[in-house]
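First up is the structure itself, then whatever we jot down about it.
The values are calculated or read from the model by the stated rules, or taken from the named source; none is laboratory data. The structure presented is a predicted model; accordingly, all values stated were derived computationally and were not measured. Counting neighbours? That spans all protein chains shown, and the Cβs are built from the backbone with ideal geometry, glycine included.
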Amino acid sequence: MYTVEVYKQDRRLKAGERLVRKVDHSTSDPSVLEFVYSKNCPKSKGYRYEIHKTFVTRKNLITGAEFQERYDTPYSCSPSSETYWSA
């Protein structure tokens, strides 16, 4: 499973770009996504995209057990961080 984040250039923002969409795909081959998004979101029109594995394996800080969580989980909300357990 992969997630694609599509950005577009936008000079009104400090970062110079804005997130247009974030889409989860159930494919197991990222080259298919690369082909589709290179055609639909070309750099010549100001687009940029990132392909991420949707779930990553991390280790629980307290128990040491491995678990799966989304790649975009904030650090403070992850059981693998000290800030999660100190609150």
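Of the residues making up the range 1-18, just one is within 19 Å of R70 (Cβ to Cβ) and loosely packed, with under 13 Cβ neighbours inside 10 Å, namely M1.
Cβ separations smaller than 6 Å between residues 6+ apart or across chains give the following pairs from the range 39-53 residues that are of a type in the set (V, I, T) to residues that are modelled with pLDDT of 90 or more: I51/Y2; I51/V4; I51/P30; I51/L33. The one condition from (1) in contact with a Leu (Cβ under 8 Å, 6 or more places away or on another chain); (2) farther than 21 Å from E69 by Cα that N40 does not meet is (1). From the list K8, K22, K59, the one residue that fits, being assigned by TED's automatic domain parsing to the domain that holds E82 and either closer than 27 Å to Y75 by Cα or modelled with pLDDT under 90 (or both), is K59. The condition (being exposed (fewer than 11 other Cβ atoms within 10 Å of the Cβ) and either touching a Phe, Trp or Tyr at 6+ places or on another chain (Cβ under 9 Å) or within 30 Å of D10 (Cα to Cα) (or both)) is satisfied by just one residue among S78, S44: S44. Every test in (1) surrounded by 15 or more Cβ atoms within 10 Å (Cβ to Cβ); (2) touching a Leu at 6+ places or on another chain (Cβ under 9 Å); (3) β-branched (V, I, T) is passed by I51 save one, and that test is (1).
Here T27 passes the criteria (1) surrounded by 13 or more Cβ atoms within 10 Å (Cβ to Cβ); (2) of a type in the set (S, T, Y); (3) in the same structural domain as M1 (by TED's automatic domain parsing) except the one numbered (1).
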